[in-house]
1. Just the residues that are under 14 Å from Asn154 (Cα atoms) and assigned to a loop (DSSP other than H, G, I, E, B), please, taken from segment 79-95.
2. Being more than 26 Å from Leu166 (Cα to Cα) and hydroxyl-bearing (Ser, Thr, Tyr) narrows it down to one of Ser64, Ser5, Ser91, so name that one.
3. Can you name every residue in segment 37-69 that is hydroxyl-bearing (Ser, Thr, Tyr), in a helix (DSSP H, G or I) and within 17 Å of Ala157 (Cβ to Cβ)?
4. Is it true that some residue in segment 3-19 is acidic (Asp, Glu), modelled with pLDDT under 95 and either under 22 Å from Gly116 (Cα atoms) or touching a Ser or Thr at 6+ places or on another chain (Cβ under 6 Å) (or both)?
5. Do we have Thr184 as of a type in the set (Ser, Thr, Tyr) and surrounded by fewer than 16 Cβ atoms within 10 Å (Cβ to Cβ) here?
6. When residues of segment 4-33 are filtered for being of a type in the set (Lys, Arg) and under 16 Å from Val71 (Cα atoms), how many remain?
7. How about segment 172-196: which of its residues are in a loop (DSSP other than H, G, I, E, B) and either at pLDDT below 95 or under 18 Å from the mean Cα position of the chain (by Cα) (or both)?
8. Looking only at segment 197-215, how many residues end up being over 15 Å from Arg60 (Cα atoms) and either without any contact (Cβ under 8 Å) to a residue 60 or more places away in the chain or in contact with a Pro (Cβ under 9 Å, 6 or more places away or on another chain) (or both)?
Amino acid sequence: MEDLSAQRRAMVARYRAAGYITSERVAEAMLRVPREEFMAPDLREYAYVDSPSPIPGDGRQTISAPYIYPVTYEPLKLGKGDRFLEVGAGSGYGAAVARELVGKEGLVVAIEINEGTHKFAEENLERTGYGDVKLILGDGTLGYPEGAPYHAINVTAASPDFPPPLVEQLAPLGRMIAPIGAVTIYGQDLVLLAKGRGGEQTRRTLMQVAYVPLIGEHGWTRR
C-alpha cells in the first residue's frame, strides 16, 4: 500500500498554521495515527483531504474531515491517564487519536449505534494496535456508566442538547463537546460544556459545524 506519512505530516503542518492544532500533544497524536487505515479501502488516497468521507453503515455515517479532531480535542484538554467517552465511534479514528492522548494508563470508551459501522471500527482499531479501546455497540446518548466518571466526552453527532446521562457521567471539572441543534442547511453550534467542582455548568460556542443527527433516546430520533 502507498505510504501516506508525508501527507500526514503535511496535514499536521497545515493545521498548525491554521490554528487548529495548538499543542504538541495533539500534533504528535495525529502524526502517530494512520488515518488512511480508518478509511473505506477504495478511499484511502483521500485520507488527508479536508473533507468527510463515507464509511460502512446505513448510508449516513462518515469519518469527519480531519481538522475536526484537533478542533474538538484541543478544547477537551485530554491528558495522560484521563477517562474519555466518545459517542459515535464511526471509523474508530477519533478513539485511536484519543488513546494516544490519554496513554495506556487512561481509558477510552467509544459507543456506536450502527452495527455495520461498529464492526468497521472494531476491525480498524484491532488492525492498527488500538484494540484496548473499549468499543460498545449501543445507544451512546445513555453513555457508559461502568466507565464513569469521565474527564472528557465527545459527542460526534448533532444533538438537541447535551444528553442528561452524559452530563451526569461527566466528572467535576470535566469537559464535554457536542454539536447542538437540528440538522439543517445552517448546521449546528459546536458547544463546549465545562462542569464545575459543584456540578455547575458553563457553555461556550466554538464554531458552526454540520453533523449527521444523533440517534438514541436523547437524540433527534430513536433507534
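1. Asp82, Gly88, Ala89, Gly90, Gly92
2. Criteria check complete, one pass: Ser5.
3. Tyr69
4. Looking for residues that are acidic (Asp, Glu), modelled with pLDDT under 95 and either under 22 Å from Gly116 (Cα atoms) or touching a Ser or Thr at 6+ places or on another chain (Cβ under 6 Å) (or both), one finds none in segment 3-19, hence no.
5. So Thr184 fits the description; yes.
6. Number of matching residues: 3.
7. Once the filter is applied, which keeps residues that are in a loop (DSSP other than H, G, I, E, B) and either at pLDDT below 95 or under 18 Å from the mean Cα position of the chain (by Cα) (or both), segment 172-196 yields Gly181, Ala182, Val183, Thr184, Ile185, Tyr186, Gly187.
8. 12
The values are calculated or read from the model by the stated rules, or taken from the named source; none is laboratory data. None of these values were measured; they are calculated from a predicted model. Note that we place each Cβ from the backbone using ideal geometry, even for glycine, and neighbour counts take in every protein chain shown.
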